[in-house]
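Below is one structure, written out as structure tokens; the observations come after it.
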Amino acid sequence: MTTAVVAPFRFFSLHVVRTRRLGPSLVRVTFAGQDLEHFFSDGHDQSLSLFLPHPGQSEPRVPHELGDGWWQAWRELPDGVRAVMRSYTLRALRRDPDEIDVDFVLHTPAGPASAWAAGAGAGDRVVLLGPALADNRAIRFRPPGDTDLIVLWGDGSALPAIASILESLPAGQRVRVWLEVHDAGDVQELTTAADAEVTWVVGAGSVDALREARLPAAERPYVWIAGESGCVKALRRHFVRERGFDRRRITFVGYWRQGMNEEQLRAAE
Ligand SMILES: Cc1cc2nc3c(=O)[nH]c(=O)nc-3n(C[C@H](O)[C@H](O)[C@H](O)COP(=O)(O)OP(=O)(O)OC[C@H]3O[C@@H](n4cnc5c(N)ncnc54)[C@H](O)[C@@H]3O)c2cc1C
């Protein structure tokens, strides 16, 4: 008997194939690379760690050839040399040819990742730490099998995850969605077979809109909330304290925090 053990995550060396502006503050970057034949994902809110070069570097510096020792070696590289690491979501995976899409918010003030995405062009190189197993722990959207209502909330950073989740849901599944985007031009056509109602909020105000919303009666609801971490915390509290939802049926993830870059957010959490 032979037993093959596949590590759930691995590094992928990728390059940009093309970019497409989806709206005033959203850009889609399509990546390819030979390694993608080993990339597998069940999608949903599949998160990825993206390593990006600094301006002037031709590729990101990540000592991934060191295996398990890469993290320490990466941390020890000098600032300004060490690749910038940021979290993003798999928006789409296609085969023949192997390609993945990642949708970036172009925010102000721009951080290194949004600045990189704004200027990305064909051939630009990145490194990705991503899934080699389709079902992996970087997929957090996990509604229990008996769920009779799904509630989703997100801002622009969670729009790729929500769009993918909606695409995966079956006909008959009741879903209520609140999405907050910077600009009316960022509103997208979303595809789903589910019985979904989507409320778009342009600018601020989606947290209050959801707090005040009448939700359909449900015995076993499931809530997924991701985006700015102050909003995420406020909404989780609202669902637990004011609506009496079971906290085990709420998935919540702070994707970014006002006034903090991702390193500071990781250190704070
Ligand atoms: C699991 C996960 C999945 C994610 N998926 C996506 C995704 O698919 N697409 C996506 O665009 N983002 C996504 N994000 C959020 C993204 O990682 C952060 O927005 C990240 O901070 C962007 O890096 P940066 O270098 O541009 O900005 P940073 O250097 O990290 O921050 C610089 C400044 O910009 C502010 N800022 C950061 N993000 C935003 C924002 N979205 N809007 C307004 N201001 C911001 C910060 O508060 C800070 O003041 C995800 C985050 C997580 C944890």
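Where a number appears in this text, it was derived from the coordinates with a stated rule and is not lab data. If you're wondering where the values come from, they're calculated on a predicted model, not measured in any experiment. Here the Cβ positions follow ideal geometry from the backbone for every residue, glycine too, while neighbour counts run over all protein chains shown.
Computed about its Cα centre, the charge dipole of the chain is approximately 600 debye, with only Lys, Arg, Asp and Glu carrying charge at their Cβ.
Which trypsin sites (Lys or Arg not before Pro) does segment 71-119 hold that lie in a coil by DSSP with at most 16 other beta carbons within 10 Å?
Numbers: sites: Arg75, Arg82, Arg86, Arg91, Arg94, Arg95; in loops: Arg91, Arg95.
When the trypsin sites (Lys or Arg not before Pro) of segment 71-119 are filtered for loop state and at most 16 Cβ neighbours within 10 Å, Arg95 remain.
Across all Cα pairs in segment 59-186, the calculated P(r) in 5 Å bins from zero up to the longest distance comes to 2, 7, 14, 18, 17, 17, 12, 7, 4, 1, 0 percent per bin.
A straight line joining the Cα centroids of segment 139-179 and segment 200-263 runs 13 Å.
With contacts taken as Cα pairs under 8 Å and at least 6 residues apart, the chain reaches a relative contact order of 20 percent. For the pair Asp148 and His107 in one chain, pulling the backbone fully straight at 0.36 nm per residue adds 11.2 nm over the alpha carbon distance.
Residue exposure proxy: Thr30, Thr191, Thr199, Thr89, ordered by other Cβ atoms within 10 angstrom of their Cβ from fewest to most, comes out as Thr191, Thr199, Thr30, Thr89. Highest average first, the peptides 200-212, 41-53, 152-164 ordered by how many other beta carbon atoms sit within 10 Å of their residues are 152-164, 41-53, 200-212.
The stretch between Glu37 and Ala184 holds 49.2 nm of extra length on full extension. This uses 0.36 nm per residue minus the Cα-Cα distance.
Taking one quarter of the surface of the convex hull spanned by the alpha-carbon atoms of the chain gives a direction-averaged projected area of 16.3 nm². Ordered by the count of other Cβ atoms within 10 Å of each Cβ, fewest first, Leu22, Leu128 give Leu22, Leu128. Fewest neighbouring Cβ atoms within 10 Å first, the residues Met260, Met85 line up as Met260, Met85. The calculated pair-distance distribution of segment 9-131 uses every alpha carbon pair, bins of 10 angstrom beginning at 0, and gives 13, 47, 34, 6, 0 percent.
Annotation for segment 118-156: trypsin sites (Lys or Arg not before Pro) lying in DSSP loop with at most 15 further Cβ atoms inside 10 Å of their Cβ are Arg137, Arg140.
Dividing the summed -39500 (n - 2.57) terms of all DSSP H runs of n ≥ 4 by the residue count of the chain sets its mean residue ellipticity at 222 nm at -5000 deg cm²/dmol.
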